[in-house]
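Before any comments, here is the structure.
The values are calculated or read from the model by the stated rules, or taken from the named source; none is laboratory data. Small disclaimer: the values here were computed from a predicted structure and weren't measured. Here Cβ is always computed from backbone atoms with ideal geometry, including for glycine, and neighbour counts include all displayed protein chains.
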Amino acid sequence: MSGTWRLFQLQKADTRLTELDKALRALRADQQHRQLLQEALTALEDSEATLRQSRKELREMEHEDSTLRTRARMLEGKLYGGRISNPKELSGYQDELQAVQVRLGTLEETMLSRMEELEALEDEHRGLAARTDQARRDHDERQEALERKIASLEDESSSLQQRRSEQASEIEPGLLKRYSDLLARKNGVAVARINRQTCGGCGMHLTDHKIQEAGRDGLTFCSTCSRILYLEG
């Protein structure tokens, strides 16, 4: 087997290792499913906070309503109980009762409106909870799929790295260094396959002489991009 053939096999391994590295980095950086779940959780938390505040305000209004009704009954007792005859005192109680009744009327309307709002908020919250549950299931499924894919690619990468090391050990050190230098300078492609009389690295047309030269022993370089040319067959 020629040195060029061995270098080409090494190039294929390096190309695939680069692809695996990019794929693994992309998979590990995949945050979309996490972002969707986080958005659903945030919306649910906001809804819960709004519900708590609305319920608290309704309880406070109910407490005020109860307190006012108790006060109204007490004032009615004083007004109509027959034990107070002082006109000024009776007038004061009458004015206070009227103010309490006005406040009760306003409070009742506000409470009815708030109960309707609360019912709508609870419906919305149930919908958000359902969507969050679905987002959590989707997240878990996506995460499991990602972990399986990552494990598969890691296994392939580990196996290929071992094979690559074995391939590299069979190449003469000086040739391997030349390949490594080109690999670093030529964007990860040191060996280019000849395809339809063109260089697979830069796409430039190759002369018949250059192609014949690539078919012999020894290294042949593209006159344009300086990559090592490999002629299959």
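Can you work out which of the residues in the range 210-220 that are outside any loop (DSSP other than H, G, I, E, B) and buried (at least 17 other Cβ atoms within 10 Å of the Cβ) is modelled with the lowest pLDDT? Don't jump to the end; show me each part of the working.
Our first condition is that a residue be outside any loop (DSSP other than H, G, I, E, B); within the range 210-220, this holds for 210-214.
Going one step further and asking which of them are buried (at least 17 other Cβ atoms within 10 Å of the Cβ), we end up with 210, 214.
Values: LYS210: 94, ALA214: 90.
So, considering only residues that are outside any loop (DSSP other than H, G, I, E, B) and buried (at least 17 other Cβ atoms within 10 Å of the Cβ), the one modelled with the lowest pLDDT is ALA214.
Is there any pair linking a residue in the range 96-114 that is in the same structural domain as LEU68 (by TED's automatic domain parsing) to one that is aromatic (Phe, Trp, Tyr), with Cβ under 7 Å and at least six apart or on different chains, and which?
Short answer, once both residue conditions are applied: none.
Mind listing whichever residues of the range 205-219 are within 51 Å of the chain's Cα centre (by Cα) and not small (Gly, Ala, Ser)?
Selection gives HIS205, LEU206, ILE211, LEU219.
Suppose we filter THR42, THR4, THR50 for residues that are among the β-branched types (Val, Ile, Thr) and out of contact with any helix residue (DSSP H, G or I) (no Cβ under 9 Å at 6 or more places or on another chain); which single one remains? Before you say what the answer is, go through the steps one by one.
Values: THR4 fails: out of contact with any helix residue (DSSP H, G or I) (no Cβ under 9 Å at 6 or more places or on another chain); THR50 fails: out of contact with any helix residue (DSSP H, G or I) (no Cβ under 9 Å at 6 or more places or on another chain).
Sole residue among the options that is among the β-branched types (Val, Ile, Thr) and out of contact with any helix residue (DSSP H, G or I) (no Cβ under 9 Å at 6 or more places or on another chain): THR42.
Would the range 5-25 turn up any residue that is farther than 30 Å from LEU175 by Cα, out of contact with any Leu (no Cβ under 7 Å at 6 or more places or on another chain) and surrounded by 14 or more Cβ atoms within 10 Å (Cβ to Cβ)?
no
Please state which one of GLU45, GLU60, GLU108 is in a helix (DSSP H, G or I), at pLDDT 95 or above and either under 30 Å from GLU141 (Cα atoms) or of a type in the set (A, V, I, L, M) (or both). First the steps, then the outcome.
On the way: GLU60 fails: either under 30 Å from GLU141 (Cα atoms) or of a type in the set (A, V, I, L, M) (or both); GLU108 fails: either under 30 Å from GLU141 (Cα atoms) or of a type in the set (A, V, I, L, M) (or both).
Exactly one of GLU45, GLU60, GLU108 is in a helix (DSSP H, G or I), at pLDDT 95 or above and either under 30 Å from GLU141 (Cα atoms) or of a type in the set (A, V, I, L, M) (or both), namely GLU45.
Please find, among ALA145, ALA120, ALA49, ALA130, the residue that is among the small types (Gly, Ala, Ser) and either closer than 27 Å to LEU27 by Cβ or surrounded by 14 or more Cβ atoms within 10 Å (Cβ to Cβ) (or both). If you could, list the steps in order and put the result at the bottom.
Numbers: ALA120 fails: either closer than 27 Å to LEU27 by Cβ or surrounded by 14 or more Cβ atoms within 10 Å (Cβ to Cβ) (or both); ALA49 fails: either closer than 27 Å to LEU27 by Cβ or surrounded by 14 or more Cβ atoms within 10 Å (Cβ to Cβ) (or both); ALA130 fails: either closer than 27 Å to LEU27 by Cβ or surrounded by 14 or more Cβ atoms within 10 Å (Cβ to Cβ) (or both).
None of the others qualify; the one that does is ALA145.
The rows are residues; the columns are (1) outside the structural domain of THR4 (by TED's automatic domain parsing); (2) touching a residue at least 24 places away in the same chain (Cβ under 8 Å); (3) at negative phi.
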{"position": "TYR179", "(1), (2), (3)": "no, yes, yes"}
{"position": "LEU182", "(1), (2), (3)": "no, yes, yes"}
{"position": "ALA190", "(1), (2), (3)": "no, yes, yes"}
{"position": "ILE194", "(1), (2), (3)": "no, yes, yes"}
{"position": "GLN197", "(1), (2), (3)": "no, no, no"}
{"position": "HIS205", "(1), (2), (3)": "no, no, yes"}
{"position": "ARG216", "(1), (2), (3)": "no, no, yes"}
